[in-house]
Ligand SMILES: Cc1cc2nc3c(=O)[nH]c(=O)nc-3n(C[C@H](O)[C@H](O)[C@H](O)COP(=O)(O)O)c2cc1C
């Protein structure tokens, strides 16, 4: 596989106090840096202003509406990315509301780009959030890759320093997902440039 470097944004999808998301995001950002095919930017949605009240006109009619000033950095970094890894827990069998707000406030930023997932939670390991996100991103003409990483009962898998007790299997799952993401991102980036 060509190691042409892809601009990858790792998105931390949970914003609550005492959240675990940043630990998982750090881990996958490290895996992506070791992979060698990516320039990695970690985007924490907790740093963005993300009101639930959306613009008056739907994004298909006005893809770049006026946005709050506290969202500008997020928008610029989503724009710059050619691929995403969304890090998400399950919240009531789906993904966090802050993540939905970040998705809905944007449109062209997702269009024609490749998306992978890392999920974590209790028994369901983020898989219910991931499956819900696949539907959402298909509406935005993004491509979600088949492979993913899931951490069911993550609190048993990570130690108190935030390190995986048995890192080899998750590292293999991350490599498989990142290989697919790199392949799709390269193909889609070329196609977007040619369009
Ligand atoms: C509102 C809410 C709903 C949750 N729903 C689920 C769930 O449906 N399935 C599950 O396995 N864990 C569920 N959990 C447990 C979370 O996956 C766990 O608290 C995890 O740490 C949340 O990620 P965060 O710490 O990054 O916010 C829920 C937690 C919250 C706060």
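Read the figures in this text as sums done on the coordinates, not as results from a lab. Predicted model, so just to flag it, every value in this text is computed and none were measured. Every residue, glycine as well, gets a Cβ built from its backbone with ideal geometry; the counts of neighbours run over all protein chains shown.
General observations
- Sequence-separation-based contact order of the chain, relative, with Cα cut under 8 Å and 6+ spacing, percent: 22
- Cα centroid separation, the stretch 1-69 to the stretch 104-182 (Å): 12
- Each stretch of four or more DSSP H residues adds -39500 (n - 2.57); spread over every residue of the chain, this sum gives -12500 deg cm²/dmol at 222 nm.
- Cα coordinate range in the stretch 126-195, projected on the principal axes (Å, largest first): 48, 23, 18
- Full-stretch length increase - residue 69, residue 169 - with 0.36 nm per residue and alpha-carbon distance subtracted: 31.8 nm
- Sorting 48-60, 96-108 by their mean Cβ neighbour count within 10 Å, with the most densely packed peptide first, gives 96-108, 48-60.
- Burial order of peptide ranges 18-28, 157-167 (average beta-carbon count within 10 Å, highest first): 18-28, 157-167
- DSSP finds beta bridges in the stretch 6-194, and of those with both partners inside it, around 5 percent are antiparallel.
- Inter-label distance for residue 30 and residue 80, nm, one decimal - labels placed 7 Å from Cα along Cα-to-Cβ: 2.4
- The stretch 1-53: C-alpha gyration tensor shape, a/c 1.5 cut-off, then a/b vs b/c: oblate
- Shape category assigned to the stretch 6-194 from the gyration tensor of Cα positions, a/c cut at 1.5: oblate
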